[in-house]
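The values are calculated or read from the model by the stated rules, or taken from the named source; none is laboratory data. The shown structure was predicted, so the numbers you read here are calculated from the model rather than taken from an experiment. Here Cβ is always computed from backbone atoms with ideal geometry, including for glycine, and neighbour counts include all displayed protein chains. Keep in mind that these areas ignore ligands, DNA and RNA; they rest on the heavy atoms of the full protein, side chains included. Shrake-Rupley method; radii C 1.70, N 1.55, O 1.52, S 1.80 Å.
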Amino acid sequence: MSEKEVLVTIRDLYLEGRTDETWMPIINGVDLTLHKGEVLGLIGESGAGKSTLGLAAMGFTRDGVRIKKGSVEFDGIDLVNASAAVKRGLLGKRIAYVAQSAAASFNPAHKLIDQHSEAPIQHGVMAKSESEADGIELYRRLRLPNPEQIGFRYPHQVSGGQLQRAMTAMAMSCRPDLIIFDEPTTALDVTTQIEVLASIRDIVEQFNTAAIYITHDLAVVAQMADNIKVLLKGDEVEEADTRTMLADPREDYTKSLWAVRSFQRPKKPAVQKGAVPVVRVNHVTAAYGTTPVLFDVDFEIHEGRTVAVVGESGSGKSTAARCITGLLPPKEGQIEFEGVAMPADYRRRNKDQLRQAQMIYQMADTALNPRKTIGEIIGRPVQFYTGLTGNERRRRVDELLAEIELEPSIYHDRLPSELSGGQKQRVGIARALAAEPKFIICDEVTSALDQLVAEGILKLLARLQDTLGLSYMFITHDLATVKSIADEVVVMKDGKVVEQGPKDEMFKPPHHAYTDLLLSSVPEMDPDWLTNLLAERGVDNIGDAAVDKM
Amino acid sequence: MNSVLRIVLQRLGLGVVTLVVVSFVIFVAVNAMPGDFAQAILGQGYTEEAGEAIRREVGLDKPYFVRYFSWLGAALTGDFGTSFAKANFAAYAGNTAGSGLDTVAASIAPRLENTLFLAGVAAMIAVPISLVLGLLAALYRNTIFDRFTNIFTLSSISSPEFFLAYILILLLAVLNPLLPSLSNVFEGMPFSERFIKTLLPALTLTLVVTAHMMRMTRAAIINLLASPYIEMARLKGISPMRIIVVHALPNALAPIINVIALNLAYLITGVVVVEVVFVYPGIGQLFVDSVKIRDIPVVQASCLIFAAAYILLNLLADVLSILSNPRLRHPK
């Protein structure tokens, strides 16, 4: 490592962000050294300052962020004190950026190829025709389908995974020395993620580009980075080369991050033959207007069990939940609770029937009324479903708060905005419990949370299941979560159930081809995982998979 | 594209309904005003007999719903009737009615042409200035330039139009005699002379409409500057001017187009004061004169023109905003 030339040096960097009128620290004295051609993984939970640090390495701060002190040097150029014009000359040309959401970061008004060749033309690196030809070549190397034509489309005409690769191509357009990847695969499905990861790794290797790879996903960073730096609330926890870091983390915080995926529920005995399921989705076909979205979906959820419904976005997971709750009356088939068919439309269900199915949502932020206190948010369904008022209602709310491990005397009168993301999700759970249901639909409840916090929520849900005998329908695209808590798995694709069965069977071959693709696409903590997988699948398969998704 | 066509047809149909409603409201309103055409035209010399004679002559003796529906029926076939005033003078001159000079269409057409000419000249000056000022204000936001532009355009929109008009006359016609202060254009005038004569009222109108368009341009662009694709452009090392013009402006077109359309409609319908100050023979003056003498057919037709201008310009703005959205121009 020492014989390589140093590209980026950050020394004792302090960054501050303005909230209201005060400046709060974001990064507290972090050092960073990056050599040419090296990939550094930056990991940490949300709010750790990863993105801010990544942007600072480009000499860029967002509005409302400032450099308090410290130095950032890129190839001998002092970026902290450089003029705007000097920095503009470097950005796009020698330092490039790949953003988390390619869909939002491409300008909707221009064709991909025009955005691709903008930096080369503006920086005087290449002429338009030359840069377009180069763009097509990069699209080909990144295994985008139809590389000749895809650039002449507008961003909304191209899928998310393809856009993410087109953005990587755009970052490469001037052959920069450094690329900052800011969570480039977080918004993608696992099967798409693999294609993008493989493309990024290839192209960074081919052009010997240095990169800072920002992510909260350890398994992903293990595939991409030579070295890993762990951040916690703006402080560096530790840095080491990837294999050392994975095998032998020094700090407790790093160890706790590593341990998250080890949470595992004990196996439950098989469901008795002939037992009546709590919920049966009975050959349901549904449509939004005239667009069909579910085709003959059929599965059961038994008492005290968790059924994980998995699939990519758009596969119909959430639509199935809407059918169960009666928000979307099915065209054919019916929803049965404990063997009794329910009215299809929630407006025709009585209070007791409504009580049966409760929901917990992905975004606790938007699912809680910001103007009501926690006590009111939980107390309202308590009163509505159980009829308790006054002191009795208050006692029940406190019981529920204690159940979700929030101290009633502290949290009863707080507003949602005063709670952390994990605490808000707990309130969402308490609100569902207030109806005293037998069955709860959890719609991606952990996907917006950091791993440690998500683990806490999963443990809470598991404990509630054991003590209250709840049944869960667990909608998720995260197979690691499925492994840790599900009893049974339903795999959905394009509105159909492609495979279902007990978890153990589902995670053992042989599988339906799609389940296999899904399962094998989940990144593992082994740094050789991606390499092995690609060798196993053959590179061509990935290209084909991309074409299939068109 | 078919959806755009459907929207256009739907809106045109609704526009016709709106015009009928407008005509009814105007008709009722003019009838509700004290006095009528006969009283207005005869003034001090009004007697019952003379009044009745004039009323009979122009058809004011019939019940007003009959008058409204016969007018509406004729209007639907393109005949907007006869101006009371013109009919009257024609009768006194001994001509028979219906010679073609006394129709509402004939009295309005040249005035409308003048008004459209003035609106066109004002728009040609005001729209580019507003856009450029808006872009520059967005680029140099919160600087002295931005503040000064805002204060200047806001003061000009806040001042009464006649005041602005007199200031301009003072500066450009009296102290520095560059432009004529009277805009008495007439038919057959050479274009260049007509243009020069129209400049002062056009400049006055420019001062009135610039602030609105410029501020909307600035706000629509600044609104987009926090979006990820603008940050991406900054991170590609693109110059601030290019970011504003190439990356923000194409996505900010819809609100800007709408405000421009509203202001163009104002240039056609709201220019009475400026026309009076500069003695410009536009439709606004004709309208005010016709209201004074209760010349209902002319008032009706003028109002319909004003309403149609709003409807058509708003429709045009909607279609252009839809077409400015690449998602609709280039479907998947």
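Just how far, in whole angstrom, is the range A:417-435 from the range A:301-363 if you go by their alpha carbon centroids?
Here the answer is 21 Å between Cα centres.
Along the charge dipole of the protein assembly as shown, Cβ charges K/R +1 and D/E -1, which of B:L316, B:P326, A:A57 sits furthest on the positive end?
In the protein assembly as shown, that residue is B:L316.
Across bins of 10 angstrom width beginning at 0, how are the C-alpha pair distances of the range A:224-355 distributed, in whole percent?
All Cα pairs, binned at 10 Å, distribute as 10, 27, 19, 15, 18, 10, 0 percent.
Run the numbers on the range B:183-229: which residues show a drop of 30 Å² or more in accessible area, chain on its own versus all protein chains together, using a 1.4 Å probe over heavy atoms?
B:P228, B:Y229
How high is the relative contact order of the range B:113-292, in percent, counting Cα pairs under 8 Å that sit 6 or more residues apart?
Relative contact order comes out at 35 percent.
With Kirkwood's inverse mean 1/r over C-alpha pairs for Rh, give me the Rg to Rh ratio of the range B:2-92, two decimals please.
Numbers: Rg = 17.7 Å, Rh = 15.5 Å.
Taking Rh as the inverse mean 1/r over Cα pairs, Rg/Rh reads 1.14.
So what's the convex hull volume per residue for the Cα atoms of the range A:6-258, in Å³?
128 Å³
Between A:H512 and A:K128, what is the label-point separation in nm under the 7 Å Cα-to-beta-carbon projection?
4.9 nm
Could you bin all the Cα-Cα distances of the range A:1-117 into 5 Å bins starting at 0 and give me the percent of pairs in each, rounded to whole numbers?
Percent of pairs per bin, in order: 2, 10, 18, 21, 20, 16, 9, 4, 1, 0.
Volume per residue, Å³, of the convex hull around the alpha-carbon atoms of the range A:291-350?
Measuring per residue, one finds 97 Å³ for the Cα hull of the range A:291-350.
Please compute the per residue accessible area over the protein assembly as shown with all protein chains in place, 1.4 Å probe, rounded to a whole number of Å².
Here the per-residue accessible area is 45 Å².
What is the log10 of I(q)/I(0) for chain A, computed with the Debye formula using one identical point scatterer on each Cα and no solvent, at q = 0.07, 0.11, 0.12 Å⁻¹?
Scattering profile of chain A, log10 relative to I(0): -0.46, -1.09, -1.24.
Per residue and in Å³, how big is the convex hull formed by the alpha-carbon atoms of chain B?
Convex hull volume per residue, Cα atoms: 181 Å³.
Straight-line reach from A:K128: which aspartates and glutamates fall under 17 Å, measuring Cα to Cα and dropping same-chain residues less than 8 apart?
A:D114, A:E118, A:E137, A:E148
Please list log₁₀ I(q)/I(0) at q = 0.12, 0.19, 0.25 Å⁻¹ for the range A:143-222, using the Debye equation with identical point scatterers on the alpha-carbon positions.
-0.33, -0.85, -1.37
For the interface of A with B, what's the total buried accessible surface in square angstrom, probe 1.4 angstrom, rounded to the nearest hundred?
So the buried area, both faces added, is about 2400 Å².
Considering only A:L40, A:I440, A:M342, whose Cα is most displaced toward the positive end of the charge dipole of the protein assembly as shown, charges sitting on Cβ of Lys, Arg (+1) and Asp, Glu (-1)?
Result: A:M342, furthest along the dipole toward the positive end.
When the Cα centres of the range A:111-167 and the range B:153-189 are compared, how far apart do they sit, in Å?
Centre-to-centre (Cα) distance: 54 Å.
Near the amide H of A:R305, under 5 Å away, which other amide H atoms are found, from residues 5 or more places off or on another chain, if H is placed in the peptide plane?
For A:R305, whose amide H was placed from the backbone, the distant partners under 5 Å are A:Y472.
Given the pairs A:K233/A:K372; A:K351/A:K483; A:K317/A:K424; A:K424/A:K503; A:K233/A:K503, which are separated by over 25 angstrom at their Cα positions? Please report the intermediate quantities before stating the final value.
Numbers: A:K233/A:K372 29 Å; A:K351/A:K483 35 Å; A:K317/A:K424 23 Å; A:K424/A:K503 29 Å; A:K233/A:K503 37 Å.
Those over the limit are A:K233/A:K372; A:K351/A:K483; A:K424/A:K503; A:K233/A:K503.
So what does log10 I(q)/I(0) come out to for the range B:113-292 at q = 0.09, 0.19 Å⁻¹, using the Debye formula with one equal point on every Cα and no solvent?
Debye output, listed in q order: -0.39, -1.17.
Across the residues of A:109-119, average count of Cβ atoms on other protein chains within 10 Å?
Per residue, the average neighbour count from other chains is 4.
For labels at A:D504 and B:L154 in the simple 7 Å Cα→Cβ model, what's the distance in nm?
Result for the modelled spin labels: 7.4 nm.
Given only helices, namely DSSP H runs of n ≥ 4 each adding -39500 (n - 2.57), what is the per-residue ellipticity at 222 nm of the protein assembly as shown, to the nearest 500 deg cm²/dmol?
-16000 deg cm²/dmol
How many Cβ atoms of partner chains, on average, are near each residue of A:86-99 if near means within 10 Å of its Cβ?
The mean count of partner-chain Cβ atoms within 10 Å per residue comes to 3.
For the range A:4-159, what is the charge dipole size about the Cα centre, in debye to the nearest 20, if Lys and Arg each add +1 at the Cβ and Asp and Glu each add -1 at the Cβ?
Charge dipole, the range A:4-159, about its Cα centre: 120 debye, nearest 20.
State, as an integer percentage, the relative contact order of chain B based on alpha-carbon contacts under 8 Å between residues 6 or more apart.
Relative contact order here is 26 percent.
How much of the calculated P(r) for the range A:279-524 lies past 35 Å, in percent of all Cα pairs?
14 percent
Before anything else, pin down the relative contact order of chain A: Cα pairs under 8 Å, at least 6 apart, normalised by residue count, whole percent.
Averaging sequence separation for qualifying contacts and normalising by length gives 15 percent for chain A.
Listed highest first by mean packing, meaning other Cβ atoms within 10 Å per residue, what order do A:310-321, A:360-371, A:505-516 come in?
Order by mean packing, descending: A:310-321, A:360-371, A:505-516.
For chain B, with only Lys/Arg (+1) and Asp/Glu (-1) charged at the beta-carbon, what is the dipole magnitude about the Cα centre, in debye rounded to 20?
1700 debye
How much length would be gained if the chain were fully extended between A:K331 and A:V276, taking 0.36 nm per residue of separation minus their Cα-Cα distance, in nm to one decimal? Don't skip to the answer; put the middle values down first.
Working: separation 55, 0.36 × 55 = 19.80 nm, distance 2.41 nm.
Contour length minus Cα-Cα distance gives 17.4 nm.
How big, on average over all directions, is the shadow cast by the Cα convex hull of the range A:213-290, in nm²? List each step's numbers first, then the result.
Working: hull surface 45.2 nm².
So the Cα hull casts an average projection of 11.3 nm².
So how much slack lies between A:R463 and A:K233, counting 0.36 nm per residue of separation and subtracting their Cα-Cα distance, in nm?
Stretched fully, the A:R463-A:K233 segment lengthens by 79.8 nm.
Cα centroids of the range A:44-95 and the range B:254-282: how far apart, whole angstrom?
49 Å
Between A:N81 and A:K351, what is the label-point separation in nm under the 7 Å Cα-to-beta-carbon projection?
Going from the A:K351 label point to the A:N81 one covers 7.3 nm.
Can you tell which of A:A286, B:S181, B:L203 lies farthest toward the positive end of the dipole of the protein assembly as shown, using +1 and -1 charges on the Cβ of basic and acidic side chains (Lys, Arg; Asp, Glu)?
Result: B:S181, furthest along the dipole toward the positive end.
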